[in-house]
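All of the numbers you see were taken from the coordinates with simple rules; none came from a lab. Predicted model only: the values in this text are computed from it and were never measured. With ideal geometry, Cβ positions are generated from the backbone for all residues, glycine too; neighbour counts draw on all protein chains shown.
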Amino acid sequence: MIRLLIVGLFAYATYRFTRKVIDEVPDDFDPLPMPGDERRALRRQSAAMGVEPRR
């Protein structure tokens, strides 16, 4: 019975710690681009810099 209590407390502490870590992650970062978007992203980056992309 004591083992079950100890395991339950450990599981609860792990759950609380995980929730705290997840809540501290900022939500203001951009997601990673999908693999097919690389050419489009390169065009946008080059256009923003005022340079034509070389092919």
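Read phi for every residue in segment 13-24 and hand back ³J(HN,Hα) as whole Hz from Karplus 6.51 cos²θ - 1.76 cosθ + 1.60, θ = phi - 60°, with x for Gly and Pro.
5, 5, 4, 5, 4, 5, 4, 5, 5, 5, 5, 7
Along the Cα→Cβ direction, 7 angstrom out, place labels at Arg19 and Leu5. What is the inter-label distance in nm?
2.3
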